[in-house]
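Undergrad: Provided herewith is a single structure, encoded as structure tokens, for subsequent inquiry.
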Amino acid sequence: MTDLLSIGASGARAYQSALATTSDNIANAATVGYSRRVATVREVVATGGNTSAISSGLGANVGGVTRAADAFRATEVRTASSDLARTLAGAAWLGRIDSGLTQNKLGDQLTAFFTSAKAVAADPTALPARATMLENASSVAAAFGATGKALDGAMADLKASAETGVTQLNNLSASLAKVNAGLARATDGTAGQAALLDQRDQMLEQMSALTDVTVSFDTYGRATVQAGNSAGPTLVEGAQSAIVSQVSNDEGTFSFSVKQASGAVQTMAPNGGALAGIAESGSRIAAARDQISQMAQSFAEGVNAVQAAGADLQGNAGQPVFSVGDPAYNLTVVMTDPRGIAAAAPGGGTRDNSNLAGFDTLRTSGNYEQQVTDLTAANGAALSGRNSVADAQTSIRDSAVSARDSVSGVNIDEEAVDLMRFQQAYQASTRVIQVARETLQSILDIR
């Protein structure tokens, strides 16, 4: 009877643990990063002094908590996440460039300026037409300035995003090192170890969204993380984590370095993740801003050259309309009197408009409106292409996540079946205990 009691008790304990594990799975079905646990119930066997003599039928116990996971599929998710994060970051900053180029209507303002010059040519003595041309010059200057400042703002935000990304990467590296330390102390096959492994995998996925990483594991499950490929700088090894830093310049060049605990410094060149998208976007923003500055300087100098070649309404030599600032997109209209517009050739008189033909020549040779259109169209095409790539990579990542979750995710229907199965086994075990007690009591009563 004592054997029967111990068998029933062992079964009750084992299936109580299995019920607790299944209940934990159900409770965490919607928890991000949670991997399904399985409590392995096994038969209790014993060996005597002679190892060939094995006794069975001694009950059951829980051999440990097994975490459902697939290392290969987790790697696929990290790779897909890294590729998608780079593309999304690049698309976001291309969107900022597009906004900066379009929201201030620079092309429209240039068209309005050259059109107003034609209106002055139609009646060189009309002050309203001259005032309109001067007002349009102010609008062009404001549009150049606002466009340049928008791109400068995008660059400043990009640098801040790079700094934030590096900070996040360092925090994740430090946290992963602590998880590694916990894994070294964790008992194998316990729920605590499974929880640490979940944290480890979630941190690795978050790190891969910042930069591409190569990961390897030791027998404790501790992760060694290298930036890029296996020859890249080590970010985390055991309980040690490195410090990543970044510097950038006004030309939009970003560089990253990794300082190890030993003090050694290595260069890090992200090929994936948000940091790679940021590094790529820096040169795009700088190129667009430089083109706007060059265009502003060329336009201002061209307008001033046309002015210098003619005479104003009082017969005086034409004076500059614009002053070029630093950076060059900061144009200032320095002419305040519309009479100062040099419509006439020197000595041509107030009705002469021959010098205004220089604006038509400038419009054609400078091709400023088309430059704005081409720059905007090229950026828009790049943005459209990047969004298309992002759509494809989103599908790839979703498929990778689905494949991983098919192994590690919690299926409520399956857990409900296990819950009933373990409940029945638990009830049966308690019934064994009850029968053993009743039988023992009956024997005692006979005596």
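So that you can scan it fast, the table gives a plain yes or no per residue for (1) open to solvent by less than 50 Å² (accessible area, probe 1.4 Å); (2) more than 30 Å from N28 (Cβ to Cβ); (3) modelled with pLDDT under 95:
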| residue | (1), (2), (3) |
| --- | --- |
| Q307 | yes, yes, no |
| A311 | yes, yes, no |
| F322 | yes, yes, no |
| T336 | no, yes, yes |
| E369 | yes, yes, no |
| G385 | yes, yes, no |
| Q393 | yes, no, no |
| G409 | yes, no, yes |
| D413 | no, no, yes |
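Undergrad: Still on this structure, I have one more. Quick one: count up the residues across region 68-122 that are of a type in the set (V, I, T) and closer than 23 Å to Y368 by Cβ.
TA: 5
Undergrad: Follow-up. Only one of these is closer than 28 Å to T147 by Cα, open to solvent by less than 70 Å² (accessible area, probe 1.4 Å) and small (G, A, S): A68, A91, A80. Name it.
TA: Matching residue, one of A68, A91, A80: A91.
Undergrad: I'd like to check something: does region 305-325 contain any residue that is assigned to a helix (DSSP H, G or I), within 15 Å of A137 (Cβ to Cβ), in contact with a Pro (Cβ under 7 Å, 6 or more places away or on another chain) and without any contact (Cβ under 8 Å) to a residue 40 or more places away in the chain?
TA: yes
Undergrad: Counting just the residues of region 186-228 that are more than 27 Å from T22 (Cβ to Cβ) and over 28 Å from the mean Cα position of the chain (by Cα), which one comes out most open to solvent (accessible area, probe 1.4 Å)?
TA: Among those residues, the one meeting the criterion is T219.
Undergrad: Out of T147, T75, I need the residue that is under 30 Å from A186 (Cα atoms) and either touching a Leu at 6+ places or on another chain (Cβ under 9 Å) or open to solvent by 30 Å² or more (accessible area, probe 1.4 Å) (or both). Which one?
TA: Going through T147, T75 in turn, the sole match is T75.
Undergrad: Still on this model: Count, please, the residues in region 338-360 that happen to be open to solvent by 20 Å² or more (accessible area, probe 1.4 Å), assigned to a loop (DSSP other than H, G, I, E, B) and hydrophobic (A, V, I, L, M, F, W, C).
TA: 1
Undergrad: Checking A231 against (1) surrounded by 15 or more Cβ atoms within 10 Å (Cβ to Cβ); (2) more than 17 Å from the chain's Cα centre (by Cα), only one condition comes out false. Which one?
TA: (1)
Undergrad: Check whether at least one residue in region 287-296 is part of a helix (DSSP H, G or I), touching a Lys or Arg at 6+ places or on another chain (Cβ under 8 Å) and either within 30 Å of A91 (Cβ to Cβ) or outside the structural domain of A126 (by the TED database) (or both), and report yes or no.
TA: The answer is no; no qualifying residue exists.
Undergrad: Taking the conditions exactly as written (of a type in the set (V, I, T), touching a strand residue (DSSP E or B) at 6+ places or on another chain (Cβ under 9 Å) and over 21 Å from L84 (Cβ atoms)), does T214 satisfy them or not?
TA: Against the criterion (of a type in the set (V, I, T), touching a strand residue (DSSP E or B) at 6+ places or on another chain (Cβ under 9 Å) and over 21 Å from L84 (Cβ atoms)), T214 does not qualify.
Undergrad: Then there is this: Within region 138-160, can you find the residues that are among the small types (G, A, S) and out of contact with any helix residue (DSSP H, G or I) (no Cβ under 6 Å at 6 or more places or on another chain)?
TA: Listed by number, the residues that qualify are S138, A141, A142, G145, A146, G153, A156, A160.
Undergrad: A follow-up question, please. Restricting attention to region 18-32, report how many residues are touching a residue at least 24 places away in the same chain (Cβ under 8 Å) and either part of a helix (DSSP H, G or I) or of a type in the set (A, V, I, L, M, F, W, C) (or both).
TA: 10
The values are calculated or read from the model by the stated rules, or taken from the named source; none is laboratory data. For clarity, every value in this text was computed on a predicted model and none was experimentally measured. With ideal geometry, Cβ positions are generated from the backbone for all residues, glycine too; neighbour counts draw on all protein chains shown. For the accessible areas, the whole protein counts, side chains as well, though only heavy atoms, and no ligand, DNA or RNA atoms are used. Shrake-Rupley method; radii C 1.70, N 1.55, O 1.52, S 1.80 Å.
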